[in-house]
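The values are calculated or read from the model by the stated rules, or taken from the named source; none is laboratory data. These numbers come from a predicted model, not from an experiment. Neighbour counts run over all protein chains shown; Cβ positions are idealised from the backbone, glycine included. Calculation scope for accessible area: heavy atoms of the full protein, side chains included, ligands and nucleic acids excluded. Shrake-Rupley method; radii C 1.70, N 1.55, O 1.52, S 1.80 Å.
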Amino acid sequence: MNLQLRPATTADIPAITAIYAVEVEELVNTYEYEVPDEAEMTRRMLDITTRGFPYIVATLDDQVAGYAYANSYRARIAYQWTVENSVYVDARFQGKGVGGALMQALIDECTARGYRQMVAVIGEPTNTASIKLHERFGFQLVGIFRGLGRKHGRWLDTVQMQRALGDGTESAPTNE
Ligand SMILES: CC(C)(COP(=O)(O)OP(=O)(O)OC[C@H]1O[C@@H](n2cnc3c(N)ncnc32)[C@H](O)[C@@H]1OP(=O)(O)O)[C@@H](O)C(=O)NCCC(=O)NCCS
């Protein structure tokens, strides 16, 4: 299959919304209960891209197979060189290298934009695929918060992972 990456556009919203709907309804990789509609997913995409963060789709034979974006980790100004990542691959296309390709592209884009740390917030410790994916790309476990979330009738522990981008903490940012 032909795997390609490109910046997401609003034309990708129906596919992205469908991928995310499964995560919201069936899984705990997002701590959201209600499936956002296409208008809300469009609003979120434009909010991310207009603030200068990368939002990428992966296609397999021209069909959207997954997407990834970076967003601010926290709003307070001192966090401005830190991003949080999100990577979602359609269940039908998992295990084919899509998530890895998206992760590499997201790391490259965020490094090029001068960000220094990437944080992953993973919905529960049993998400082996996500934890292994992050380990493969140099993320280290920071810790596990106990019971931060509750969904599908159970308490959720939240895995925090992190990797440096570019110089990390070795130098001051040029845009300070
Ligand atoms: C996590 C996820 C993005 C991985 O995407 P993917 O396209 O299946 O991953 P890839 O095929 O590119 O695999 C890349 C690496 O991830 C790891 N990985 C992926 N699936 C795995 C699995 N089921 N078990 C163990 N490791 C796995 C491996 O390290 C793999 O590298 P390798 O093939 O060299 O061993 C995908 O499973 C997914 O979308 N899951 C649901 C949403 C989610 O958890 N997103 C992350 C939120 S933080």
Rank these by accessible area, largest first, 1.4 Å probe: THR128, THR169, THR30, THR49. THR169, THR128, THR49, THR30
Residues of region 46-99: accessible area per residue at 1.4 Å, in Å²? 50 Å²
How many percent of the accessible area of the chain is carbon or sulfur, using a 1.4 Å probe? 50 percent
So with the 1.4 Å probe, I'd like the accessible area per residue for region 102-176, rounded to whole Å². 57 Å²
Give me the percent of DSSP beta bridges within region 1-145 that run antiparallel, rounded to the nearest 5. 85 percent
Write out the chymotrypsin sites (Phe, Trp or Tyr not before Pro) in region 1-49 meeting two conditions: DSSP loop, and at most 16 other Cβ atoms within 10 Å of their Cβ. TYR31, TYR33
What is the ratio of the Cα radius of gyration of region 1-147 to 2.2 N^0.38 Å, with N the residue count, to two decimals? 1.00
Suppose only helical runs count, i.e. DSSP H with n ≥ 4. What mean residue ellipticity at 222 nm does that imply for the chain under -39500 (n - 2.57) per run, divided by all residues and rounded to the nearest 500 deg cm²/dmol? -9000 deg cm²/dmol
Probe radius 1.4 Å, ligands and nucleic acids left out: which of HIS134, HIS152 has the largest accessible area, and how do the rest follow? HIS152, HIS134
